[in-house]
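The values are calculated or read from the model by the stated rules, or taken from the named source; none is laboratory data. These numbers come from a predicted model, not from an experiment. Cβ placement follows ideal geometry from the backbone for every residue including glycine, while neighbour counts extend to all protein chains displayed. Ligands, DNA and RNA are stripped out before the accessible areas are found, and what is left, the full protein with its side chains, is counted by its heavy atoms. Shrake-Rupley method; radii C 1.70, N 1.55, O 1.52, S 1.80 Å.
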Amino acid sequence: MTLLLTTAGESHGPALVAIVTGLPAGLVLDRDAIDADLARRQEGYGRSPRQKLERDQVEVLAGLRHGRTLGTPLALVVRNRDHANWEWGMSPWPREGEASGKGSKPVTLPRPGHADLAGALKFDLADARDALERASARQTAVAVAAGAVAKALLGEIGISVEGRVVSEDLEQRIDEARAERDTVGGVVEVVGRGVPPGLGSYATKDERLDARLAAGLMGVEIGAGFELAERRGSAAHDEILADEQGALYRETNFAGGIEGGVSNGEDVVVRAAMKPLPTLMRPLRSVDLETGEAGEALVERSDVAAVEALAVVAEAAVAFELARAAREKFGGDSLADFVGAWRAYVERIPWRTR
Ligand SMILES: Cc1cc2nc3c(=O)[nH]c(=O)nc-3n(C[C@H](O)[C@H](O)[C@H](O)COP(=O)(O)O)c2cc1C
């Protein structure tokens, strides 16, 4: 038993789609809670005017009846309101008549830092839009919806997941970058609380919880991260203590809640770095793929920064991976079976949170 997420959808196409399989039957979903996460993803200092245009709301097409999961594939949809301006440019089917509206001219000047060039070469594209529409972070909207579902499941076994920005002076850096028509990145941190020991496994990248979290995020540190490489072992590992009842706990959490690829019962703490956004209003040098001539990269409506949004996206990614690992450990076709297996396990082990 595992939890899987498949997504489809282009940035300015009709809609974004997610299919989540492996949920137990009987999980209550709250539409407002999912929409609240979608709204959080759209907020934050430095976002583009597109976020005012889109008012993301989830639609459910399958897998849910009267607010309860059926244990069948859950199909989620988030529509792109902006598609109205791209009806010709992003039409799934050939359109009659003259090209009009946004997306009607081919993109031939790839942006450094984005997937424009690598995607155009890989898929043999004359119009880099065919690459950048899918590579756009717009698809994170539906991943956030899936993350909200994962958080609902985790809530049933006492796990909460919370993302936040850790970069300091972010607003000032954004103001300065905006004035110079530049962009910025930053660092976010996600903490999973109440994670029981035993999620994930030891050896391969498909088993290890740390590897799976890293794959969901990229540019990642877990716990004290890179800093640990500079420390001695005596100052880098979290000593194991027992309280009067014999329950095990730690006073420190340098490991970020994961040892040997397995959650150890402490908070799971993951940091992710985001590079500056690739679309600059003062574009970088590029080469026209059609003519081979030097030029300037594509400029299109874009955020100056999306670090606060990344905190929400990263929270969803961590929630999904924790929920997946929990499904693998506790299984069950119904929510009662899943929660029952978790309860029997945590009652058996001597575990205490700090
Ligand atoms: C929530 C969010 C919003 C983003 N908005 C933009 C944007 O407006 N303009 C842009 O150029 N990149 C934006 N990005 C970053 C690009 O999606 C990303 O850099 C690009 O897809 C290349 O992928 P890479 O970062 O994995 O190399 C955003 C990323 C996130 C997570």
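Taking a virtual spin label 7 Å from the Cα of residue 169 along the C-beta vector, which residues in the stretch 29-63 bring their backbone nitrogen under 19 Å of it? Correct set: 45-46. For a paramagnetic label modelled on residue 301 (point 7 Å from Cα along Cα→Cβ), amide N atoms under 15 Å away belong, within the stretch 71-92, to 80-90. Per-residue accessible area (protein heavy atoms, 1.4 Å probe) orders 93, 342 as 93, 342, starting from the largest. With helices defined as uninterrupted DSSP H runs, which ones in the chain have an alpha carbon span along their own long axis of at least 15 Å and mean Kyte-Doolittle hydropathy of at least -1.0? Helices meeting the criterion: 140-155, 307-330, 335-348.
Suppose every K and R has +1 on its Cβ and every D and E has -1 on its Cβ; what is the size of the dipole of the stretch 235-324 about the Cα centre, in Debye to the nearest 20? Present the calculation step by step, with values, prior to reporting the outcome.
Details: 7 positive and 17 negative charges, 74 e Å.
That gives a dipole near 360 debye.
When peptides 124-130, 310-316, 208-214, 76-82 are sorted by average Cβ neighbour count within 10 Å, with the highest value leading, the order is 310-316, 208-214, 76-82, 124-130. Here the sum of -39500 (n - 2.57) over DSSP H runs of 4 or more residues, divided by the residues of the chain, equals -9000 deg cm²/dmol at 222 nm, to the nearest 500.
Given the Cα-Cα distance of residue 178 and residue 334 and 0.36 nm per residue of separation, how much length would full extension add, in nm?
Working: separation 156, 0.36 × 156 = 56.16 nm, distance 5.03 nm.
Separation in residues times 0.36 nm, less the Cα-Cα distance, equals 51.1 nm.
In the complete set of protein chains, residue-level accessible area for residue 102 is approximately 90 Å², probe 1.4 angstrom. The solvent-accessible area of residue 351, taken with every protein chain present and a 1.4 Å probe, is close to 60 Å².
Taking the Cα centre of the stretch 72-189 as origin, sum charge times position over the Cβ atoms of Lys and Arg (+1) and Asp and Glu (-1), and report the length of that vector in debye to the nearest 20.
Details: 15 positive and 19 negative charges, 78 e Å.
So the dipole magnitude of the stretch 72-189 works out to roughly 380 debye.
Here residue 12 sits with roughly 10 square angstrom of accessible surface, probe radius 1.4 Å. Across the options 245, 291, 326, the greatest Cα extent toward the positive end of the charge dipole of the stretch 231-354 (unit charges at beta carbon of Lys, Arg, Asp, Glu) belongs to 245.
Rounded to the nearest 20, the size of the Cβ-charge dipole of the chain about its Cα centre is 520 debye, with Lys and Arg at +1 and Asp and Glu at -1. At a probe radius of 1.4 angstrom, the accessible area of the chain per residue rounds to 51 square angstrom. Considering the chain at the alpha-carbon level, its Rg and Dmax are found to be 22.3, 79 Å.
A straight Cα-to-Cα reach below 25 Å connects residue 275 with the lysines 52, 122, 205, residues fewer than 8 places away in its own chain not being considered.
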